[in-house]
Amino acid sequence: MITLTAPAPGGEFQAPTPNELFDLPPIIAGVEWFTKPVLLAALSAILVIGLTWAAFSKPKLVPRGMQNVVEYGYMFVRDQVARPFLGKDADRFMGLLVTLFFLVLVWNLAGVVPFVQFPVASHIAFPAVLAISIYLLKIYLGIKHQGAGGYFKNMMFPPGLPKPIYVLLSPIEFLSNMIIAPFTHAVRLFANMFAGHMLLAFFSMVGFWFLFEKLTPLGAGVGVVGVIMTIVFTGFEIFIQFLQAFLFAMLASMYIGGSLHAEH
């Protein structure tokens, strides 16, 4: 849950600090690695497995209930994420892309679930593991389908350009594909979830403090504004959480497509 900072000497309001929001103690004393984000990540994986199992363990010709909901998600990933970048190879990677989309989405939505209120992806380790996995898969597929020489040649020396341009372009392409791409793949998701959690914590704390801890005629107005902003930002955060899950899966699809087909 979002923790509230104790008032400073003199009773003035204090905003939450990153350490208070993200540096969480272990759930079991002495097991330092088993923290709330780890537990939520494991529960998210179990939830995604459970949803897909409930939807497709006994599929119906005319989908209903959970099967209908998950099929809509599947078709969204297929039509908006996989096919635009993978074309005829889309079906081969649907399992991976659907898993990425739903897992990251559940990770993100945990940030607005009452009594949970922590987006797993706001800890850089979790999106970094997924991004590194996609990065390694990208290199493996590139070498497998284009050969080691062909893959790195196509990556660093795009065809059809004047040769002097390669002196400047090749180092940029190397940095972009081998270093910047996996880094931004993870950081984009992490930074959005980190910032969103901070904003929600700040405005919810403003509302709590000025309505319950420091109630005055002026403070009540500030507290109401804090509550309204919390509601508004919660709605906006849900949109961002969905968007970031979509973008993470889309970039994975784009990287895989670029490794399968050099012309991409």
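Computed quantities for the displayed model
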| quantity | calculated |
| --- | --- |
| In degrees, nearest ten, helix 65-77 long axis to first principal axis of the chain (Cα) | 60 degrees |
| Positive dipole terminus of the chain, leading residue within 101, 25, 199 (C-beta point charges) | 101 |
| Whole-percent carbon and sulfur share, accessible surface of the chain, 1.4 Å | 74 percent |
| Cα centre as origin, Lys/Arg/Asp/Glu Cβ charges: region 114-251 dipole, Debye | 480 debye |
| Zone residues, region 43-76, relative to residue 34, backbone N less than 20 Å from point 7 Å out along Cα-to-Cβ | 43-47 |
| With DNA, RNA and ligands ignored, accessible area of residue 144 (1.4 Å probe; Å², nearest 10) | 130 Å² |
| Principal-axis tilt of helix 36-56 within the chain, Cα atoms, nearest 10 degrees | 60 degrees |
| Cα-based helix-to-principal-axis angle, 94-109 vs the chain, degrees rounded to 10 | 20 degrees |
| List 120, 129, 113, ordered by accessible area with a 1.4 Å probe, largest first | 129, 113, 120 |
| Region 19-98, dipole about Cα centre (Lys/Arg Cβ +1, Asp/Glu Cβ -1), debye to the nearest 20 | 540 debye |
| Solvent exposure, largest accessible area first (probe 1.4 Å, DNA, RNA and ligands not counted), of 49, 179 | 49, 179 |
| Proximal lysines relative to residue 163, as straight alpha-carbon distance under 30 Å, when same-chain residues fewer than 8 apart are discounted | 138, 144, 153 |
| Potential lengthening between residue 71 and residue 236 on full extension [0.36 nm per residue; Cα-Cα distance subtracted] | 56.9 nm |
| Ranking by accessible area, most exposed first, for 157, 194, 22, 246 with a 1.4 Å probe | 157, 194, 246, 22 |
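The values are calculated or read from the model by the stated rules, or taken from the named source; none is laboratory data. Being a predicted model, the structure only gives us computed values, none of them experimental. Note that each Cβ is placed from the backbone with ideal geometry, even for glycine, and that neighbours are counted across all protein chains shown. For accessibility, only protein heavy atoms count, side chains too; no ligands or nucleic acids. Shrake-Rupley method; radii C 1.70, N 1.55, O 1.52, S 1.80 Å.
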